[in-house]
Amino acid sequence: MTKATTSPDPWAVGWMIRALILISFLAAFAVPMNFPIIAAVTQPAGATVVAEGPQIIPLIAVERATATPSPSPFTPTPSIPRVGLIAGHAGHDSGAICPDGLQEADVNMEVARRVVALLTPRGWQIDLFDEFDVRLNDYKADVLLSIHADSCTVPGKTGFKVARAEAGSLPESGDRLVACLSQRYEARTGLPFDPYTITYDMTRYHAFYEIDRTTPAAIIEVGFLLDDRQILTQQPDLVAQGIADGLICFVENESP
Ligand SMILES: [Zn+2]
């Protein structure tokens, strides 16, 4: 048994569909500009579709020309640079010792604390580590730098040196880090770069194997405790500024 149905007039259905499409089209423009949608609904469905076009479109154009663009709803959050500093030998041993009792670990910490003080006002997140700090395991940051000073037993030796990990996962960024630190540190302190006493202690430094492999890392020997003693102990602010300059160069993508 079938239901008796009356079939609608196909022409009327066609015009109804066109009218609905027009209403949808107008609503799409009108809603974002607070144009009253009800005005479109009151248009007679059907007959005057073509005629309505030229009257409505100029109105929309005027509305658009005077509308001020709304701000983008998506504002990206700027990422805060994260920097790790190791105060060499801290929490472990004294490092190099001079005959008068001057200890490398104390010099390193004086400098490291000053670097923290210089970089923190930039809004960066700074982590200060001991030499064998458990937080170094899988440490992720924009950069990690270990701060050391050289021995007190080599008369006539002066200068600083910087080395990156021998086998880092990011050798290019490691090289740029070394370039930034070397050039800015030399410019600030006037100490010469000493490439002749870079040892495995530096290139195979333990922390390089503890941190996350994506963290660019380097170690700096800020000077010799004997011949560079004056600048290391009397001008630690200058030493720290040289390191801060190098880190800013690297983190802010300045050319070394
Ligand atoms: Zn050391």
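Coordinate-derived values only; no laboratory data. Computed from a prediction, not measured in an experiment: that's the story for all the values here. Note: ideal-geometry Cβ built from the backbone for every residue, glycine included; neighbour counts use all protein chains shown.
A few points about this structure:
- Remark: Y139, Y205, Y196, Y185 ranked as Y196, Y139, Y205, Y185, counting other beta-carbon atoms within 10 Å and listing the fewest first.
- For region 71-212, a simple Cβ point-charge model (Lys and Arg +1, Asp and Glu -1, everything else neutral) yields a dipole of about 580 debye relative to the Cα centre.
- Listed peptides 175-183, 148-156 by packing density, highest first (mean Cβ within 10 Å): 175-183, 148-156
- Among E104, E131, E166, the ranking by other beta carbons within 10 Å of each residue's beta carbon, starting with the fewest, stands as E166, E131, E104.
- Those residues of region 216-254 whose amide nitrogen sits under 16 Å from the label point placed on A117, 7 Å along Cα→Cβ: 232-245
- Under 18 Å from the A187 label point (7 Å along Cα→beta-carbon), backbone N, region 117-141: 119
- FRET efficiency estimate (nearest 0.05) - Cβ-Cβ, I198 to R135, R0 41 angstrom: 0.95
- Shape of region 82-251, Cα gyration tensor, a/c cut at 1.5: rounded
- Filtered trypsin sites (Lys or Arg not before Pro), region 126-169: DSSP coil and at most 14 other beta carbons within 10 Å: K140
- Sequence-distant residues sharing a close amide H with G84 (under 5 Å, placed H): D127, V143, L144, L145
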